[in-house]
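Let me begin by presenting the structure, written as structure tokens, before commenting on it.
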Amino acid sequence: MAGKTVTRADLSEAVYQAVGLSRTESAELVERVLEIVSEALVDGQNVKLSSFGSFQVRSKSERVGRNPKTGEEVPILPRRVLVFKPSNVLKAQINKSMVGSGIK
């Protein structure tokens, strides 16, 4: 299931086609939106995009892990991780597209 990756350039082009801004303005708009989302997440805020999903930063505490090759115990340091939870609308769209395409 090798699909195309959507890039910033693709998003900018889509804005250019849909809104009619110049290519430069479209690229600046996409960059600014991504910058705002990134800053909010770095500050520990949740980001919710209606009909798309929500991004959350969660804190994970320290734990002991094992090297699968050697079995050696290694401490995994506390860290913050980004979690994405898709909306029910997005889930429904994804599942609807799979039904028509025959993808399993």
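Each Cα pair under 8 Å and six or more residues apart adds its separation to the average, and for the chain the resulting relative contact order is 18 percent. With a threshold of 21 Å on the Cα-Cα distance, the over-threshold entries among K4/K48; K4/K91; K60/K91 are K4/K48; K60/K91. Backbone amide hydrogens, once placed in the peptide plane, bring Q45 within less than 5 Å of nothing, excluding anything fewer than 5 places away on its chain.
A short reminder: the numbers here are calculations on the coordinates, not readings from a lab. These numbers were taken from a predicted model, which means no experiment stands behind them.
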